[in-house]
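Throughout, read-outs are computed from the coordinates displayed, never taken from laboratory work. Model, not experiment: these values are computed from the prediction.
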Amino acid sequence: MTSAYAEPPVITVVRGNPTAEQVAALVGALLSTPATPAPEPVQQRSAWWASGLPGRPRGWRESGLPR
């Protein structure tokens, strides 16, 4: 039979004796923040934008030439 406390605690009180209300406020504050930052949206670059980058095949020097 496994215990509900089989994992180590996430929060440890180092000093003092917090009340149940203080612990509840701390847990509520921690749960209200996002766990990870939201991923930034990936912007698709157009072929026209990429053609001006240095070192790219068919770079800006060839952009005025007929294909």
Rg/Rh over Cα atoms for segment 2-48, Kirkwood Rh, comes to 1.32
Given 0.36 nm per residue, what is the gain on full extension from ASN17 to SER46 after removing their alpha carbon distance, in nm? 4.5 nm
